[in-house]
1. Among the numbered conditions (1) surrounded by fewer than 17 Cβ atoms within 10 Å (Cβ to Cβ); (2) outside any strand (DSSP E or B), tell me where A:Pro44 comes up short.
2. Considering each residue of the range B:33-77, count those that are part of a loop (DSSP other than H, G, I, E, B) and under 26 Å from A:Ala137 (Cβ atoms), and give that number.
3. Filter the range B:16-58 for residues that are facing chain A (nearest Cβ under 7 Å) and either at positive phi or buried (at least 20 other Cβ atoms within 10 Å of the Cβ) (or both) and give the result.
4. Right, A:Val5: touching a helix residue (DSSP H, G or I) at 6+ places or on another chain (Cβ under 8 Å), in contact (Cβ under 8 Å) with a residue 24 or more places away in the chain, under 18 Å from A:Ile97 (Cβ atoms) and surrounded by 15 or more Cβ atoms within 10 Å (Cβ to Cβ) or not?
5. Can you name every residue in the range A:21-43 that is over 20 Å from B:Gly80 (Cβ atoms) and modelled with pLDDT of 95 or more?
6. Within the range B:28-42, can you find the residues that are under 14 Å from B:Asp63 (Cα atoms) and of a type in the set (A, V, I, L, M)?
7. When you scan the range A:47-58, do you find a residue that is farther than 21 Å from A:Trp6 by Cα and either part of a loop (DSSP other than H, G, I, E, B) or at the interface with another protein chain (Cβ under 8 Å from one of its Cβ atoms) (or both), even just one?
8. Give the residues of the range A:95-118 that are within 11 Å of chain B (Cβ to nearest Cβ) and either surrounded by 22 or more Cβ atoms within 10 Å (Cβ to Cβ) or part of a strand (DSSP E or B) (or both), sorted by residue number.
Amino acid sequence: MAVSVWITAERIVPSRVLDMVGDEADGAVLLFLGTVRNRNDGRPVDGLTYQAYPEMAESVLEEIATEASTRFGTDRLAVVHRHGDLEIGDVSVAVAISTPHRAEAFEGARYVMEELKRRLPVWKHEHYTDGRSDWVAGTEPPGVPRGAAR
Amino acid sequence: MRVRTLLFASHRDLARADSVEVELDRGATVSDLVAALRAQGGVWADLPVTTAVAVNHRYAPADLPIGEDDEVALIPPVAGG
């Protein structure tokens, strides 16, 4: 088995992501879903649009999943991130992982989520119930040399 | 050389385009690209000098030379998850 990662404009079906992991040697199977909330920073939200740089996002996801695979000793790992228009409750990201014992599954899924928040080239445009919309303030990706530019 | 630089999110809105052409000397680096964009002025005048740049789908260090056939993109702060 190998890690599976992809970026999609289609609705994420959690059971399909879960089905991609699991092994007779694994006693722990974990599925994490990120979903669209109806509020952010106190403002009511009625939907959002994720814009992605899909080619780079897939290569960054692959890099993160490979790191997690090495660190937590499993190649039973699947990660998918949405782009396009999402409604409240829609799944924006899914991480499925299976490992012999539970600690590695929890830590592995956590690692994937924290790293993709830091470096996945995806941007969130929130639509508020008052009709306004805005880009969500993001995280400066790592490896950007501070003060190195002339 | 003319380098077509891909734009996303707030940068795309600023430029009202999904890419911008930047004229660079041969051997120019990632930091030269950001400097050249800032020098174009207008919506680019206030572009932070530390703006992340990807070359061929990887985050690039400031001193990386850019080749004519490279795929170059400006990466605003990311917000996935």
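The values are calculated or read from the model by the stated rules, or taken from the named source; none is laboratory data. All values reported here derive from a predicted model rather than from experimental measurement. Every residue, glycine among them, receives a Cβ derived from its backbone with ideal geometry; neighbour counts consider all protein chains shown.
1. It is condition (2) that A:Pro44 fails.
2. So the answer is 14.
3. B:Ser31, B:Val34, B:Ala52, B:Ala54, B:His57 - these are the residues of the range B:16-58 that are facing chain A (nearest Cβ under 7 Å) and either at positive phi or buried (at least 20 other Cβ atoms within 10 Å of the Cβ) (or both).
4. yes
5. If the condition is that a residue be over 20 Å from B:Gly80 (Cβ atoms) and modelled with pLDDT of 95 or more, then A:Val21, A:Gly22, A:Asp23, A:Glu24, A:Ala25, A:Asp26, A:Gly27, A:Ala28, A:Val29 are the ones that fit.
6. Correct list: B:Ala28, B:Val30, B:Leu33, B:Val34, B:Ala35.
7. no
8. A:Val95, A:Val112, A:Leu116
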